[in-house]
Amino acid sequence: MGVETTRQGRPRLAGAVAALGALLLGGTLTACSVTDRACEERMAEIALSIDGVVSAEFDCEDNPSGGWVRSEVVLDAATEDEGALIVDEVLRAYAEAPDLDPEWSTPQEYQLEGSSERVSANDVGFDGSPTVEEAREFYGIEP
């Protein structure tokens, strides 16, 4: 994945170690575009600004045939209901961020820390994983 940070905002070393290993083994790395990196960093930053988000990792790809956003977001919630409340706050934060591309996708699922349980945007009234624009429409937010 792209950028992974902890709640304290420090980058994790896993990605750097993997990249170094790939280089040492003769692999090649493609640099992500500035837009891809901005997406990864900003999406993680917003998620981590919400109480109850333990970690957030995003991998964004913007290309002519359409982009995608992959994510792993871990929540500090004991139940699915608690997790859904946090998901609602995360999605509102994405909707309120004026600098996010309206076409960027929000996370498909959110993992409950220390559990196999997951929650999603469906648990707060969406039909699937919304784009930023769809979240703005859902919440009636014009950033």
(request) List every residue pair whose Cβ atoms sit under 7 Å apart, with the two residues 6 or more apart in sequence or on different chains, where the first one lies in the range 76-99 and is at pLDDT 95 or above and the second, anywhere, is assigned to a helix (DSSP H, G or I) and open to solvent by 40 Å² or more (accessible area, probe 1.4 Å). (result) GLU80/ASP123; ALA84/ASP123; VAL87/ASP123
(message) Please go through (1) open to solvent by less than 30 Å² (accessible area, probe 1.4 Å); (2) outside any helix (DSSP H, G or I) for SER115 and return the number of the only condition it doesn't satisfy.
(response) (1)
(message) Looking only at the range 88-116, count every residue that is closer than 16 Å to SER71 by Cα and touching a strand residue (DSSP E or B) at 6+ places or on another chain (Cβ under 8 Å) and tell me the total.
(response) 12
(request) Taking TYR110 as meeting all but one of (1) open to solvent by less than 30 Å² (accessible area, probe 1.4 Å); (2) touching an Asp or Glu at 6+ places or on another chain (Cβ under 6 Å); (3) not aliphatic (A, V, I, L, M), write down the number of the exception. (result) (2)
(message) Restricting to the range 123-143, name every residue that is open to solvent by less than 90 Å² (accessible area, probe 1.4 Å) and either part of a loop (DSSP other than H, G, I, E, B) or over 19 Å from TRP68 (Cα atoms) (or both).
(response) ASP123, VAL124, GLY125, PHE126, GLY128, SER129, PRO130, TYR139, GLY140, ILE141, PRO143
(message) Given the condition assigned to a helix (DSSP H, G or I), open to solvent by less than 20 Å² (accessible area, probe 1.4 Å), out of contact with any helix residue (DSSP H, G or I) (no Cβ under 8 Å at 6 or more places or on another chain) and closer than 21 Å to GLU142 by Cα, answer yes or no: does some residue in the range 45-56 qualify?
(response) no
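The values are calculated or read from the model by the stated rules, or taken from the named source; none is laboratory data. For clarity, every value in this text was computed on a predicted model and none was experimentally measured. Ideal geometry is used to build each Cβ from the backbone, glycine not excepted, and the neighbour counts take in all protein chains shown. Surface accessibility is based on the protein's heavy atoms, side chains included, excluding ligands, DNA and RNA. Shrake-Rupley method; radii C 1.70, N 1.55, O 1.52, S 1.80 Å.
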